1. Kindly indicate whether residue 101 is within 15 Å of residue 5 (Cα to Cα), of a type in the set (Ser, Thr, Tyr) and at pLDDT below 95.
2. Name the strands (runs of 3 or more DSSP E) wholly within region 1-103 that hold at least 1 residues that are surrounded by fewer than 11 Cβ atoms within 10 Å (Cβ to Cβ)?
3. Looking only at residues in region 52-75 that are out of contact with any strand residue (DSSP E or B) (no Cβ under 8 Å at 6 or more places or on another chain) and hydrophobic (A, V, I, L, M, F, W, C), which one is nearest to residue 40 (Cα to Cα)?
Amino acid sequence: MRRQLEHMAVLAELDAVTLHVLPNAVGAHAALASGFSILDFGDLGEPDLVYVEHTVGALMLDKEDEVARAKVAFERVLSDALDPAESLALIRGLAGEVSPSEGECRG
C-alpha cells in the first residue's frame with residue numbers, strides 16, 4: 001500500500017493530473033452509489049458524455065439533462081474534497097505511516 005500511495009504522490013506532481021482526496025469524514029456524498037466519469041470533448045464538436053459504472057456493468061449517458069446532473073454531482077463531491085495541496089500532503093503523510101510491506105500480497 002505504501003508504494004501505491006507513493007506512486008499517487010508522484011503522479012499528483014504531473015501537470016496533467018489534479019488529485020483531490022475525498023475524506024472519509026465527509027460521509028455520504030453525491031457519488032457514493034456508483035463511480036462515474038464525465039467525458040468532455042472540448043473543441044472537437046462532440047457532446048459531453050457520462051460513463052457510469054455499477055454492480056453489473058456500465059452505462060454511457062449522452063442526454064443533456066443526464067450530463068448536467070452528473071456535472072452537478074461532480075461539483076458537489078469536489079466541493080467536499082481536499083484541495084490538491086492538502087490531498088498530496090495527506091497521501092504523503094499516510095505513505096509515511098504505512099510500513100513498506102504492509103498490505104502487499106504474499107504468494
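1. When the stated conditions are applied, residue 101 passes them.
2. 57-61
3. Filtering first and then ranking leaves 68.
Residues are listed down the side, and each one gets a yes or a no for (1) polar (S, T, N, Q); (2) at pLDDT 95 or above:
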| residue | (1), (2) |
| --- | --- |
| 12 | no, no |
| 16 | no, no |
| 23 | no, no |
| 28 | no, no |
| 34 | yes, no |
| 42 | no, no |
| 45 | no, no |
| 51 | no, yes |
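The values are calculated or read from the model by the stated rules, or taken from the named source; none is laboratory data. Owing to the predicted nature of the structure, the values given are computational and were not obtained by experimental measurement. Neighbour counts run over all protein chains shown; Cβ positions are idealised from the backbone, glycine included.
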